[in-house]
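Worksheet for the structure shown next.
Computed from the coordinates by the stated procedures, all read-outs in this text should not be read as laboratory data. Note that the structure is a prediction, hence the values are computed from the model and not measured. Here the Cβ is made from the backbone with ideal geometry for all residues, glycine too, and neighbour counts use every protein chain on show.
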Number of protein chains: 4
Amino acid sequence: MKELNVYEHKAQYYETDQMGIIHHSNYIRWFEEARGDLMEQSGLPYKGMEEAGIICAVIEVNVKYHSMVRFDDTVNIKANITQYNGVTMKVYYEIKDKDSGEMRCTGETRHCFLGKDNKPVSLKRVNPKYDNLFKGLISD
Amino acid sequence: MKELNVYEHKAQYYETDQMGIIHHSNYIRWFEEARGDLMEQSGLPYKGMEEAGIICAVIEVNVKYHSMVRFDDTVNIKANITQYNGVTMKVYYEIKDKDSGEMRCTGETRHCFLGKDNKPVSLKRVNPKYDNLFKGLISD
Amino acid sequence: MKELNVYEHKAQYYETDQMGIIHHSNYIRWFEEARGDLMEQSGLPYKGMEEAGIICAVIEVNVKYHSMVRFDDTVNIKANITQYNGVTMKVYYEIKDKDSGEMRCTGETRHCFLGKDNKPVSLKRVNPKYDNLFKGLISD
Amino acid sequence: MKELNVYEHKAQYYETDQMGIIHHSNYIRWFEEARGDLMEQSGLPYKGMEEAGIICAVIEVNVKYHSMVRFDDTVNIKANITQYNGVTMKVYYEIKDKDSGEMRCTGETRHCFLGKDNKPVSLKRVNPKYDNLFKGLISD
């Protein structure tokens, strides 16, 4: 499999809070950015999944904040699918400072897949294309 | 017409930025809160309008920042419909500090109404109930 | 100890996403709102803590999403301090629909306390007032 | 003067609302991103200005929404300084779809400069370096 590019995010002013650091809620949003980028680089963007009538819902988020990201810092975000069984998926994230390589944040999200009626579906059954994508992306 | 209650918003920590004040983008969101509250207090919540297949799209926003709102301040927000012709609407806002009464921000938003296909509709024609609501709320 | 009021939040339009539900990152912000309200109702608002030179940093967030919150829903948010040892603190949250009582989300945040130089401090040592507050609020 | 690169922003899922489009408050944030990029490309990033004790406060925002930006769209954002007199500054923005070139949004922000005590300062007097930057960037 071809090597994927690391996803970069530049910390914006509107993401800071009065502690002078990035507000902790934004890392969850950066996870989402990196997850989307992973799918796009793999050739099957998330947008197409929703267009096919399937939603990838977040059912769990866990975040550990190691050190602070500040305005104007650029961070590298790595997203890896660590579990996928056709029905649920787990993604693990590492956010590091681009310059120093220092770890800023680690976390994981857990997902299930919902059909048009917002009922859980087996991706394996309803969409083999995305099922194959996620199977192929599983790593440790 | 019965007197409406003033809408209150308490400035949250996640709304601050590293200047130690509320980030200017949030006032636009507070305008939306106050606009929704105006409709709700008038007996026709915005939610019902979307359920009836009509969207109230924002086509213009103008904001003047007079003085700073800080974390934990409570502000009073007044929303008044200043123009409405069945097709477009203008809403004017005043945000004042609840304690001191000092003006923090004034602004206005301009809206049009869109049907299910995202095409402009005449509210007057497609939804007399909401048309009447907005007509009745026009003030200076 | 006097009974505390349950904290309420009304889900805003700007908090929705194109799934037609509240974006999952906002619950983290609602946890912060409820945590702040807990301190305020207990007579020692968070603002005073920062004014005394101490920051309550978030070092961990864990969230489980049980069911969806939608625009215009009002939720009740309960925040309980479940662990506090003078140096770190754990807060547990439950978000329920105000009308149906249905569980929407549970979660917890872990915190440490930082002094002006952003170095960890023992709250017990540097600020007995807030130390006593948190000790008095510990529940299961 | 060397040609500046156009600033790009990819519309994120967390920026959408339940209309299925980008929530209108985010464009204000994108203006801020493009303004920061303009300063950075010109060799004097905004961060350095704050480090020198000067804040560039927003005192007015005006936005016209021409057409909708959707999730996963990439937009090009052009920021031009249209007025600068040493004390206040006006910046004009155009947001266009990267692929089609269609206009999505135009707007402007007005700014003043504040010193450490949050009092207005003349940038011309207190910081000739940034004063020269802005003077050099004025265009129509």
Query - Which of B:S139, D:S25 has the fewest Cβ neighbours within 10 Å, and the rest in rising order - result: B:S139, D:S25
**Report entry** Neighbourhood net charge (13 Å Cβ-Cβ; Lys/Arg +1, Asp/Glu -1) for B:I22
**Finding:** -2
Query raised in the report: Given Cα pairs under 8 Å that are at least 6 residues apart, what percent is the relative contact order of chain B?
Result: 26
Report summary line: For D:V6, inter-copy label-point distances (7 Å, Cα→Cβ), nm, shortest first, read 2.9, 4.7, 5.2
Query raised in the report: How many nanometers, to one decimal and shortest first, lie between the label point of C:T74 and those of its other copies, if labels sit 7 Å from Cα toward Cβ?
Result: 1.5, 4.6, 4.8
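Given the pairs D:K64/D:K135; B:K47/C:K78; A:K10/A:K78, which are separated by over 20 angstrom at their Cα positions?
D:K64/D:K135; B:K47/C:K78
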Query raised in the report: So, counting K/R as plus one and D/E as minus one, what does the shell of residues with Cβ under 15 Å around D:D140 add up to?
Result: +1
Query raised in the report: When the helices in chain C are scored as -39500 (n - 2.57) per DSSP H run of 4 or longer and the sum is shared across all residues, what 222 nm value do you end up with, to the nearest 500 deg cm²/dmol?
Result: -7500 deg cm²/dmol
Query raised in the report: Suppose R0 equals 22 Å; then what is the FRET efficiency for B:K119 and B:A52 from their Cβ-Cβ distance, rounded to the nearest 0.05?
Result: 0.90
**Report entry** Two-site label geometry, D:V126 and A:E3: point separation in nm, points 7 Å out along Cα→Cβ
**Finding:** 4.8
Query raised in the report: So how tilted is helix A:26-41 from the main axis of chain A? Cα-based, degrees 0 to 90, rounded to 10.
Result: 50
**Report entry** trypsin sites (Lys or Arg not before Pro) restricted to DSSP loop in the stretch D:1-79 with at most 10 other C-beta within 10 Å
**Finding:** D:K2
Query - Inter-copy spacing of B:Q41 label points, which lie 7 Å from Cα along Cα→Cβ, given in nm from shortest upward - result: 2.5, 4.6, 5.1
**Report entry** Crossing angle, helix B:128-137 versus chain B [Cα axis fit, 0-90 degrees, rounded to tens]
**Finding:** 40
Query raised in the report: Among D:V87, C:V58, B:V91, what is the fewest-to-most ranking by other Cβ atoms within 10 Å?
Result: D:V87, C:V58, B:V91
Requested in this report: Find the centroid of the Cα atoms in the stretch B:106-123 and in the stretch D:1-61, then give the distance between the two in whole Å.
Outcome: 27
Report task. Equivalent ellipsoid semi-axes for the stretch D:7-137, as square roots of 5 times the alpha carbon gyration tensor eigenvalues: give them largest first, rounded to whole Å. Result -> 30, 14, 13
Query raised in the report: Exactly which GluC sites (Glu not before Pro) in the stretch D:1-66 are in a DSSP loop and have at most 12 other Cβ atoms within 10 Å?
Result: D:E3
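Loop-only check: which trypsin sites (Lys or Arg not before Pro) in the stretch A:97-140 are DSSP coil with at most 12 other Cβ within 10 angstrom? Walk me through the intermediate numbers first.
Values: sites: A:K98, A:R104, A:R110, A:K116, A:K124, A:R125, A:K129, A:K135; in loops: A:K98, A:K116.
Sparse-neighbourhood loop trypsin sites (Lys or Arg not before Pro): A:K116.
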Query raised in the report: Which of rounded, prolate, oblate describes the protein assembly as shown, given a ≥ b ≥ c as roots of the alpha-carbon gyration tensor eigenvalues and a/c under 1.5 marking rounded, otherwise prolate only if a/b is larger than b/c?
Result: rounded
**Report entry** Three-way shape label, the stretch D:63-140, alpha-carbon gyration tensor, a/c 1.5
**Finding:** prolate
